[in-house]
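The values are calculated or read from the model by the stated rules, or taken from the named source; none is laboratory data. As the structure is a prediction and not an experimental result, all values here were calculated from the model. When we count neighbours, we look across all protein chains shown, and the Cβ atoms used for this are built from the backbone with ideal geometry, even at glycine.
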Amino acid sequence: MNNLLNFDKEIAELIALEEEREKYSIRLIPSENYVSKAVREATGSILTNKYSEGYPRKRYYEGQENIDLIEQIAIDRAKSLFGSYGANVQALSGAPANLGVMLGLLKPNDKIMGMALPHGGHLTHGWKVSASGIYYDSVQYELNPETSMLDYDMIRDLALKEKPKLIIAGSSAYPRFIDFAKFREIADEVGAYLLSDMAHIAGLVAGGVHPSPVPHSHVVTTTTHKTLRGPRGGMALMAKGFVRKVNKGIFPGLQGGPHNHTTAAIAVALKEASQDSFKLYAQQIVKNAKVLSEELINHGFNLVTNGTDNHLILIDLTNKNISGKELSVALNKVHIVTNANSVPFDKRSPMDPSGIRIGTPAVTTKGMKETEMKEIAKWINLVSQNINNETKLTKIANEVKDFSLKFNLEN
Ligand code: DSN
C-alpha cells in the first residue's frame, strides 16, 4: 500500500497494525473471518468509482456494460450455490437486507415475529430499538426455559395468538440446528411469510453441513462475510413470486446505488464457496467447534445447550463467578478475541452479561484443527483462573502470539 503510505501515513500504519493483530491473535468472534486475497483485490478495485442505481439492464445511469455483467454473475452464482429461484446481491449488509425485505413485503405497522435478542435473535428481527421494532408491530419468541433450545410448540402458540404477517427464523447466538421446515409449517398455518436469516450459517449451508433454509422460506437473507467468508455485504434469496417485491424493497425502497466493488467481491466469494475445498472448510469449522466445546466442558465450563451443532459456542460463566465482560477483556489481553454475550434468561445487563460467544470460522481458515482447539480451550481456562494475574496473562499472551503466527494464511 505504497500510495496510501506516502499520502496518509497515519491511516496506513493503523491498517498495518490491524493486519498484524489479526495475524497474531486467535480470533474467535463467530461472525468474523479472514477473506482471500482475491476477495480483497475485488473489494479494493476501481469498481468503487461507479454508480449503478437499478438492476442489470435496467439502470438509471449509462456506462453499465461491465457492471451489469458483474452483478448478473453474482446473482447467478448465488442462485446456483444455494438453489434459490432469485437473488439480490445489492443489500449493503445483513441489517439492510432484512429491512429491505420487510419494506418489500409489509406495510408500516404490520406485525412481525422474530427471536428475542437476549435469547440469540438479532436487533433487526424486531427488537424495539431497531427500525424493525420501531416501524413494525413486533412480538418476540423466546427459547425454552428448561433446554435453552427453540421450542416449536411455544413458537406456534405465539404465532397462533399474534397472527404475524412475517415470521423470522435465524439467530446470531444459537448453537444448534434450526428446523426451517417447522418454521414454514407454522408460517403457513397462520398465513405469514417466512423470512430466514442465515447470516451466521450461510457458509455451513453452502458447505452442506447445516440444513438449508432455502427450500422452506419465502425469502432468505444473509450477510456475506461470516462463515461464507466474503466481503462485508448482504444478499437476499427469493422464492418464486418474491423477486420483484424484494428487489423493490431493497432498491428503491431502502438504498441508492449498490457498492459495485462489493458486488464483484461477493461474486468471487461465491465462486470460492462452490469449490470442493470449501466443503472441507465448512466440515472442519463444525469439527473444530465440537472439539472446542467438549474440551471446554472438560475444563468445567457450562455451555448453553451443552454443546454445538454449528460454528458457535455460548459459554455461561455463572458457575465461574466471573462476568462475560471480565473474561472477554482478559482474553483480549492474551490475544484471544471473543465477545461478551447474554445467555438465555440472563439476569445481568447486556453491557456486562453472563456469557461469552465464541466460534471457529476464522481459526479454521487459518488452518487450525482439532489439536489446536484443545490448546485454545486450555488457554481460555487458564485465563479464567488468572483473570487479575497480569504476570500470568503476559506469559500466556506471548505463547498465544507464537502459536498463532505459526499458522499463515495461504492466500
Ligand atoms: N454483528 C453480527 C454478529 O456478530 O453476530 C450480527 O449482525
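When the stretch 206-229 is examined, which residues are found to be hydrophobic (A, V, I, L, M, F, W, C) and within 16 Å of the ligand (Cβ to nearest atom)?
First, pick out the residues of the stretch 206-229 that are hydrophobic (A, V, I, L, M, F, W, C): 206, 209, 214, 219-220, 228.
If the condition is that a residue be hydrophobic (A, V, I, L, M, F, W, C) and within 16 Å of the ligand (Cβ to nearest atom), then 220, 228 are the ones that fit.
Can you find, within the stretch 115-134, the residue that is surrounded by the most Cβ atoms within 10 Å (Cβ to Cβ) among those that are closer than 12 Å to residue 98 by Cβ and away from the ligand (no atom under 13 Å from the Cβ)? Even if it seems obvious, please write down each step before you answer.
Filtering the stretch 115-134 down to residues closer than 12 Å to residue 98 by Cβ leaves 121-127, 130-133.
Imposing the further condition that a residue be away from the ligand (no atom under 13 Å from the Cβ) reduces the set to 126, 131, 133.
Values: 126: 29, 131: 16, 133: 19.
Ranking the candidates gives 126 first.
Restricting attention to the stretch 345-363, which residues are more than 16 Å from the ligand (Cβ to nearest atom) and in contact with a Pro (Cβ under 8 Å, 6 or more places away or on another chain)? Passing the criteria: 345, 346. Within the span defined as the stretch 29-52, one or more residues are touching a residue at least 12 places away in the same chain (Cβ under 8 Å), touching a strand residue (DSSP E or B) at 6+ places or on another chain (Cβ under 7 Å) and within 16 Å of the ligand (Cβ to nearest atom). Can you confirm whether the stretch 134-141 contains a residue that is under 22 Å from residue 252 (Cα atoms), at pLDDT 95 or above and of a type outside the set (Ser, Thr, Tyr)? Yes - at least one qualifying residue is present in the stretch 134-141.
The set of residues in the stretch 166-179 that are more than 16 Å from the ligand (Cβ to nearest atom) and either modelled with pLDDT under 95 or surrounded by 23 or more Cβ atoms within 10 Å (Cβ to Cβ) (or both) comprises 166, 167.
Is at least one residue of the stretch 35-44 over 30 Å from residue 400 (Cα atoms) and modelled with pLDDT under 95? No, there is no match, as no residue in the stretch 35-44 is over 30 Å from residue 400 (Cα atoms) and modelled with pLDDT under 95.
At least 3 residues that are more than 22 Å from residue 365 (Cβ to Cβ) and more than 19 Å from the chain's Cα centre (by Cα) in each: list the helices (runs of 4 or more DSSP H) lying fully within the stretch 1-52 that qualify. If you could, list the steps in order and put the result at the bottom.
Working: elements: 2-7, 9-24, 37-43.
Hits in the stretch 1-52: 2-7, 9-24.
Among the numbered conditions (1) within 16 Å of the ligand (Cβ to nearest atom); (2) within 23 Å of residue 205 (Cα to Cα), the only one that residue 74 does not meet is (1). When the stretch 385-411 is filtered for residues that are part of a loop (DSSP other than H, G, I, E, B) and among the aromatic types (Phe, Trp, Tyr), only 407 remains. Output yes when any residue across the stretch 304-327 is charged (D, E, K, R), outside any helix (DSSP H, G or I) and surrounded by fewer than 24 Cβ atoms within 10 Å (Cβ to Cβ), and no when none is. For the stretch 304-327, residues charged (D, E, K, R), outside any helix (DSSP H, G or I) and surrounded by fewer than 24 Cβ atoms within 10 Å (Cβ to Cβ): present.
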